[in-house]
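First comes the structure, then the notes that go with it.
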Amino acid sequence: MRLPGFTMLGERMALLGCMVLAGCMPMAAQSVTATPETGVTPNTLLLYRADLIPGKETAYEQLEEEIVQGYASAKIPIYWTALQSVTSTSHVLYFDGFDNFADIERSGADLAQGLDAHPEIGTLQQKLADLVATTRTVLAFRRDDLGYRLNKIDLAKANFVRVSIFQFRAGFEEEFAEAVRTRARMYETNDVDTPWMIYQVHSGFALPTYIEFQPMNSLSEIDDALDRNAKARRPGGSLAAQKWIREADLSIDIQIYRVSQSMSHLSALNAARGGAKHDSASTARARKYTLLAQP
């Protein structure tokens with residue numbers, strides 16, 4: 001699926017369309033059921049990282065805000081959350097969540113129809129692409145068995161997100177999974193209330209990769225988490241003390257992001273302000289995964 005005005009957003013949706021046609025997503029990631037255990041975290045996740053050309057940060061943000069306004073005015077039902085880097089080189093990490101393949105196909109069709117009716121938005125997106133140095137697209141699926149207190153995660157209240165990327169040599173997937181489960185049991189025993197959700201990367205990285213997300217209301221939660229984590233640790237029981245980590249060449253990249261409401265197209269925004277009286281089915285689904293603007 002190649003969409004008109006093949007821009008960064010179009011690139012993301014086109015990639016998803018190809019994956020739909022190829023049928024390459026594991027069966028476990030094809031549907032999601034909201035439960036008290038999993039809440040409403042998305043089952044299939046598309047992450048798109050745009051590394052900005054130095055000095056173009058302000059121009060990028062202003063142009064993206066204009067694009068968001070264009071999508072809202074045109075009522076194009078494509079939604080995303082933009083995360084701005086706080087602890088790394090200037091880049092934006094886009095967070096798109098889906099239930100299943102049908103939603104991906106529907107989003108691609110909606111995007112193609114919307115850009116065809118509003119070519120000016122495609123022009124803006126091309127200008128936005130000119131401010132970007134490099135990009136990376138990653139598709140991942142949620143691992144319920146590796147999450148911790150998923151029912152405590154409320155994306156609508158997050159102002160910041162802590163993102164940890166774990167990579168290691170192939171063949172150590174089960175060792176990693178067991179280490180995460182051990183950490184979860186340790187936290188549960190000590191009643192550490194620091195929930196996380198983990199996604200296993202399906203495509204986008206050469207090495208086995210898992211991504212952990214910890215939504216936060218404020219940066220002060222990092223201090224609280226560090227204190228609670230220290231209390232939960234057992235001598236010799238930390239990840240760093242385990243032999244498999246050395247053998248697997250485990251690397252961990254931890255970044256903090258600020259949720260940018262102005263660069264996000266949020267399906268729940270109008271409803272929260274008492275705007276639209278009725279939502280389409282796709283809008284209702286997308287609402288689960290986008291972040292509500294703070295009052």
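The values are calculated or read from the model by the stated rules, or taken from the named source; none is laboratory data. All of these numbers come straight from a predicted model, not from anything done at the bench. Glycine also receives a Cβ, built like all others from the backbone with ideal geometry; neighbour counts cover every protein chain displayed. Heavy atoms of the whole protein, side chains included, go into the accessibility calculation; ligands, DNA and RNA do not. Shrake-Rupley method; radii C 1.70, N 1.55, O 1.52, S 1.80 Å.
Whether any residue in the stretch 94-102 is modelled with pLDDT of 90 or more, open to solvent by less than 30 Å² (accessible area, probe 1.4 Å) and touching a Leu at 6+ places or on another chain (Cβ under 9 Å) is what I want to check. Talk me through it step by step, then tell me what you get.
We begin by selecting, within the stretch 94-102, every residue modelled with pLDDT of 90 or more; these are 94.
Filter again for open to solvent by less than 30 Å² (accessible area, probe 1.4 Å), leaving 94.
Remaining after also requiring touching a Leu at 6+ places or on another chain (Cβ under 9 Å): 94.
Yes, the stretch 94-102 contains a residue that is modelled with pLDDT of 90 or more, open to solvent by less than 30 Å² (accessible area, probe 1.4 Å) and touching a Leu at 6+ places or on another chain (Cβ under 9 Å).
So that you can scan it fast, the table gives a plain yes or no per residue for (1) open to solvent by 20 Å² or more (accessible area, probe 1.4 Å); (2) at pLDDT below 55:
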{"site": "M1", "(1), (2)": "yes, yes"}
{"site": "M8", "(1), (2)": "no, no"}
{"site": "A34", "(1), (2)": "yes, yes"}
{"site": "A50", "(1), (2)": "no, no"}
{"site": "K56", "(1), (2)": "yes, no"}
{"site": "Q62", "(1), (2)": "yes, no"}
{"site": "K75", "(1), (2)": "yes, no"}
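For the stretch 113-131, what are the residues that are open to solvent by 20 Å² or more (accessible area, probe 1.4 Å), touching a residue at least 60 places away in the same chain (Cβ under 8 Å) and hydrophobic (A, V, I, L, M, F, W, C)?
So the first thing to find is which residues in the stretch 113-131 are open to solvent by 20 Å² or more (accessible area, probe 1.4 Å), and the list is 113, 116-120, 123-124, 126-127, 129-131.
From the residues that got through so far, the ones that are touching a residue at least 60 places away in the same chain (Cβ under 8 Å) too are 116, 119, 123-124, 126-127, 129, 131.
Hits for the stretch 113-131 are L124, A129, L131.
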- Query: Any residue in the stretch 141-153 that is surrounded by 15 or more Cβ atoms within 10 Å (Cβ to Cβ) and within 22 Å of A50 (Cβ to Cβ)?
  - Reply: no
- Identify, please: which residue in the stretch 210-257 is β-branched (V, I, T), within 13 Å of F176 (Cβ to Cβ) and in a strand (DSSP E or B) and is, among those, modelled with the lowest pLDDT? I252
